[in-house]
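Here's the structure, in structure tokens; my notes come after.
The values are calculated or read from the model by the stated rules, or taken from the named source; none is laboratory data. Owing to the predicted nature of the structure, the values given are computational and were not obtained by experimental measurement. So basically every Cβ, Gly included, is an ideal-geometry build from the backbone, and we count neighbours across all protein chains shown. What goes into the accessible areas is simple: the full protein's heavy atoms, side chains included, and nothing from ligands, DNA or RNA. Shrake-Rupley method; radii C 1.70, N 1.55, O 1.52, S 1.80 Å.
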Amino acid sequence: MILNPPGLGSGGARLLPHWPCLKAVGTALTHRAIAPGRGRADRTRPHSDVPLYLVLTWDIGRTTSGHGLRLRWDDETGWAYARHGATTALTTMLRPITVLHRVFADPEDIAETAGHLICEGRLPTGEYGTEWDGAAETRATIDAFRAVMEQGGLWTGAG
């Protein structure tokens, strides 16, 4: 289970407005016994117009499909995946996870999709259109984060 952002300590989660999304997905993956080897939440630059992102990574030893897996989410386009070889330097291009029809897809749907990619090396055949019940609150926090950043302020967390 993913509890706190690495390197940011126990209060660091409030500094990343999209951390609740990673935590919820991490919990769903843990319940299915397919927790990633690494999870990361960040933004590419400290500008308000840059997407926030999450990355979950499984090395070859954590999959049965013969390749590692990287899942990536950003708050503009949603979920995508890439396969990688013995090192993450040998990575395929990111491909959208088309079966997840929501940027803030339900964590159980994400975990099921990840399970198919990890165990079978392919996307599931189903369609997943349910939105995560924490989506509205996380979107509002991201909007507040962006408003602070647009004003040139320093984000110290919601509330």
Go through (1) part of a helix (DSSP H, G or I); (2) over 30 Å from Trp155 (Cα atoms); (3) modelled with pLDDT of 85 or more; (4) of a type outside the set (A, V, I, L, M) and name the single condition Lys23 misses.
(2)
Flag for Gly115 being at pLDDT below 90, within 22 Å of His31 (Cα to Cα) and either in a loop (DSSP other than H, G, I, E, B) or open to solvent by less than 40 Å² (accessible area, probe 1.4 Å) (or both):
no
Would you call Thr125 over 22 Å from Ala33 (Cα atoms), over 14 Å from the mean Cα position of the chain (by Cα), without any contact (Cβ under 8 Å) to a residue 60 or more places away in the chain and not in a helix (DSSP H, G or I)?
no
Considering region 128-159 alone, what residues qualify as being in contact with an Asp or Glu (Cβ under 7 Å, 6 or more places away or on another chain), assigned to a loop (DSSP other than H, G, I, E, B) and under 20 Å from Val55 (Cβ atoms)?
Trp132
